[in-house]
Amino acid sequence: MVRLCVALAAVVLLAGCEPLWVLPGGALAGTETRVPDDWKFSDAVATVQLETGADAYSVNVWGVAVGPHFYVASSRGGGSRWAQHIVQTPAVRLRIDDAVYPLRAARVEDEGELATVIAAYVRKYEVEQDENFVTTAWVFRLDAREGS
């Protein structure tokens, strides 16, 4: 019983600092870095971390690069806490490896842009077009904040 309590306490402490698998975390650690002109390097990274909200709520998500933009998608649409944070406050931080990028999120509703993002998810994650969760997700484009 003591081991179980210690293990649970360790998970709670870890989740409070960084997202852990499906558990959300807090502020992301890493080196704040200038936003790149091209996100192609991110193709080699399956899972990234996204920090949202004034109270630093972070999650593990899949994301894709399309030219000068990086996209993330909430499979639960507006039902996810992090998507609601973005609606309230669009300033986010994205971590890829040890680099943390200050960004601004904007929900994508343009059908042409969504089709491009869905195709990028299909290529990167090798999912079937008709089974791609992005077709029903809320998709956010992450752009540099002014001055970043």
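The values are calculated or read from the model by the stated rules, or taken from the named source; none is laboratory data. Please read all numbers here as calculations on a predicted model, not as lab measurements. Counting neighbours? That spans all protein chains shown, and the Cβs are built from the backbone with ideal geometry, glycine included. Accessible surface is based on the protein model in full, side chains and every heavy atom, while ligands, DNA and RNA are left aside. Shrake-Rupley method; radii C 1.70, N 1.55, O 1.52, S 1.80 Å.
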Handout entry: Neighbour cut-off at most 10 other Cβ (10 Å), DSSP loop, GluC sites (Glu not before Pro), the stretch 75-148
Key = GLU109, GLU126, GLU128, GLU146
Completion exercise
So, with points 7 Å from each Cα along the Cβ direction, the GLN84-ASP143 label distance in nm works out to 2.7 nm
Problem - Relative contact order, percent, the stretch 49-148 [alpha-carbon distance under 8 Å, six or more residues apart] - result: 34 percent
Fill in the blank from the handout: Measure of exposure for TRP62: accessible area at 1.4 Å probe, Å² rounded to 10, is 100 Å²
Problem - Heavy-atom accessible area per residue - the stretch 25-89, 1.4 Å, Å² - result: 47 Å²
Practice task
Would you pull out the residues with amide H under 5 Å of VAL66's amide H, same chain only if 5 or more places away, H placed 1.01 Å from N?
Solution key: TYR71
Completion exercise
Diffing the stretch 101-115: the Karplus 3J(HN,Hα) column from phi (6.51, -1.76, 1.60, θ = phi - 60°), in whole Hz with x for Gly and Pro, holds 10, x, 9, 10, 9, 9, 5, 9, 10, 5, 4, x, 5, 4, 4
